[in-house]
Each structure stands twice: as structure tokens, then as C-alpha cells.
Amino acid sequence: MIKVVTCIKRKAGMSVEDFQTYWRERHPEVVVRLPGIRRYVQSHTRPAGYRTGTPVWDGIAEVWFDDGRAMHALLGSPEMAAVEADESRFIDRAATRVIATDEHVIKDEPVPAGAAKNVELVTRKPGLAVPDFQRYWRDIHGPLAAKIPMIRRYVQSHTRASAYERGRTPAYDGVAITWFDDTRAMRASAATAQYALVRADEPNFIAPGELPIIITTEHVILP
């Protein structure tokens, strides 16, 4: 199954409240009509993310399809045209980033309603081959991070191999998503010894610098 992750910026001049309301209440009408769609989740950046500036994204959309054929069949379809037309009402489409990914569930415990969902956009270490990056992230770093006790759920979404064809460089090499009971639990996790080990391991496969991060609330539109 393929998961398409769309990083979203709201349209210039639109308030956060109006953006989130339209996205959650109006936009799903056209998205759920897409042929082949299996699941649809919106994650809205939390209000705290706007208190100290402008967050890197106003949220992400996650949409699942059975395979690449189902996803590519949407190109040029009237249903996809309707989605794109509606996006222009509330999204800065020029700033949008779309990542087709393969999802790997690293830890899967029950998540409470209203959980804090931490979304990190990952770029691999320069010179590290894509297969080596993905293998290290999934098989070595993943189990390490899963030991942080406050993490309820942990999913890695690896950018698909097709994004690198013909020498292309995708915007990101993947998306790391972790769920916590709440933001208090998320902050507490940063004080654990296991978190320190995770951060110390990141330079082994992730590019230097701070990862783009948004803390969100998840809204499951199509289970």
C-alpha cells in the first residue's frame, strides 16, 4: 500500500481558524470521492505552533492507495481536478510538497483521542545511499526510538524509490511520525536517557541541522 503525504501551507491572508475549518469540514467532500482511496487523515498544526512565529507547515494530509497504479490513475481524472480546484480556495499550492511513501509501523500501541502527533520531515545524511539510509532508519534507529516509554505509536514513511529516478532529489527522504498522550508527555520524553541515545544516533543517517517539525492534532476523515 502507498501513503501519499502532503505538506500544506494555508492560503495567504487566510486565518488559521478559517483554514482548519474549511480543510476539515468542506474539503473532504471532494477527497473521499477519489477512486481507489483507502484511508484519509488530516493532521492540523496545534495553536501553540503559531505563538512564536509561523510554523513550517500548517498541517499534513495522509492518503492511502492500494498501489502505484491506483495512485497514477487519478492523473487527469475529473475527481482529481475537483480536488485541485478546491485546494486553491484554502491552500497555497505553490508551497505544497507531496511525498509518495512506503509506511513502516515501528511501534503500535493504543493512542488516546486528541493525542499529540509529532511530525518530522527527514533528510538523509549527504553521501548516504538511499537503501542504506532507509535500512538504518528502519532497522537500527527505529527500534532505538521505540524504546522511549512515552511514545505510543511510531511510524516511518520512507520516500518511494521512484522519487529518485533519473537523478531527481525529492524534497524529503521521509516522514517520522510519533504519537504521545499529550504535549506534556512529549516534553517529558526529551528528559529520558533513551531520548538522549536517539538524538546521539541521528547524525549517523540524518543530514546536519534541525529537522522541520510540526506538532499536530489528528483528524481521521476516512478510517
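The values are calculated or read from the model by the stated rules, or taken from the named source; none is laboratory data. Predicted model, so just to flag it, every value in this text is computed and none were measured. Glycine also receives a Cβ, built like all others from the backbone with ideal geometry; neighbour counts cover every protein chain displayed. Keep in mind that these areas ignore ligands, DNA and RNA; they rest on the heavy atoms of the full protein, side chains included. Shrake-Rupley method; radii C 1.70, N 1.55, O 1.52, S 1.80 Å.
Overview of values
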quantity	calculated
Accessible solvent surface per residue of segment 1-74, calculated while the other protein chains remain in place, 1.4 angstrom probe, Å²	49 Å²
Added length on full extension, which subtracts the Cα-Cα distance from 0.36 nm per residue, residue 38 to residue 211	59.3 nm
Under 19 Å from the Cα of residue 107 - aspartates and glutamates, other chains or at least 8 residues apart	62, 120, 139, 181, 182, 201, 202, 218
Carbon plus sulfur fraction of accessible area for segment 1-140, probe 1.4 Å, in percent	50 percent
Residues residue 129 and residue 1, FRET efficiency given R0 of 30 Å [Cβ-Cβ distance, rounded to 0.05]	0.75
Rg in Å to one decimal, and Dmax rounded to a whole Å, for segment 109-218 via C-alpha atoms	14.3, 44
Options [x] 62, 22, 15; [y] 29, 27, 15; [z] 28, 22, 16 - which one matches semi-axes √(5λ) of the Cα gyration tensor in Å as calculated here	[z]
Cut-off under 5 Å, modelled amide H: who pairs with residue 58 long-range	8, 9, 10
Axial C-alpha extent at least 27 Å, average Kyte-Doolittle at least 0.5 - helices from the chain (DSSP)	none
Segment 65-109-segment 159-223 distance, computed between alpha-carbon centres (Å)	20 Å
Selected from 85, 60, 203, residue furthest toward positive end of dipole (the chain; charges at beta carbon)	203
